[in-house]
1. So, in segment 23-46, of the ones that are loosely packed, with under 13 Cβ neighbours inside 10 Å and of a type in the set (Asp, Glu), which residue ends up nearest to residue 77 (Cα to Cα)?
2. Conditions first: (1) basic (Lys, Arg); (2) at positive phi; (3) at pLDDT 95 or above. Residue 37 passes all but one, so which condition is the exception?
3. For residues that are modelled with pLDDT of 85 or more and assigned to a loop (DSSP other than H, G, I, E, B), scanning just segment 47-65, find the one that is surrounded by the fewest Cβ atoms within 10 Å (Cβ to Cβ).
4. Of everything in segment 66-79, what is surrounded by 13 or more Cβ atoms within 10 Å (Cβ to Cβ) and more than 15 Å from residue 23 (Cα to Cα)? Give them in sequence order.
5. Please go through segment 33-45 and pick out each residue that is aliphatic (A, V, I, L, M) and assigned to a loop (DSSP other than H, G, I, E, B).
6. In contact with a Phe, Trp or Tyr (Cβ under 8 Å, 6 or more places away or on another chain) and either in a loop (DSSP other than H, G, I, E, B) or of a type outside the set (Asp, Glu) (or both) - does that describe any residue in segment 24-32?
Amino acid sequence: MLDKIQQNLFDVAKQKRDACIEVVKTWDEFVKALGQKKLILAPWCDEEEVEKDVKARTRGEMGAAKSLCTPFEQPELPE
């Protein structure tokens, strides 16, 4: 019984998390998703200066964006 409850809690949490993920490819899409308080999956060059620039450009009403982690499974990027 406890295993079923735990699995249900996990499944509900995963569904909620997945519903909040937005895959973006442009700056406009990024800003829109950030304004909607989404967890954003975007192409990333892994450069510290770019990260600082993104934080500076998004600081304000919507709150500064921050990088979290690189997912193990990533969608293919268009050429």
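The values are calculated or read from the model by the stated rules, or taken from the named source; none is laboratory data. From a predicted model like this one, the values you see are computed outputs, not experimental measurements. Here Cβ is always computed from backbone atoms with ideal geometry, including for glycine, and neighbour counts include all displayed protein chains.
1. 46
2. Every listed condition holds for residue 37 apart from (3).
3. Just the residues of segment 47-65 that are modelled with pLDDT of 85 or more, to begin with: 47-59, 65.
Keeping just the survivors that are assigned to a loop (DSSP other than H, G, I, E, B) gives 47, 59, 65.
Working: 47: 9, 59: 11, 65: 19.
Ranking the qualifying residues of segment 47-65, first place goes to 47.
4. So in segment 66-79, the residues surrounded by 13 or more Cβ atoms within 10 Å (Cβ to Cβ) come out as 67.
Listed by number, the list is empty, since nothing qualifies.
5. Pass one, segment 33-45, residues aliphatic (A, V, I, L, M): 33-34, 39-42.
42 - this is the single residue of segment 33-45 that is aliphatic (A, V, I, L, M) and assigned to a loop (DSSP other than H, G, I, E, B).
6. Going through segment 24-32, the residues in contact with a Phe, Trp or Tyr (Cβ under 8 Å, 6 or more places away or on another chain) turn out to be 24.
Those left that are additionally either in a loop (DSSP other than H, G, I, E, B) or of a type outside the set (Asp, Glu) (or both): 24.
Within segment 24-32, one or more residues are in contact with a Phe, Trp or Tyr (Cβ under 8 Å, 6 or more places away or on another chain) and either in a loop (DSSP other than H, G, I, E, B) or of a type outside the set (Asp, Glu) (or both).
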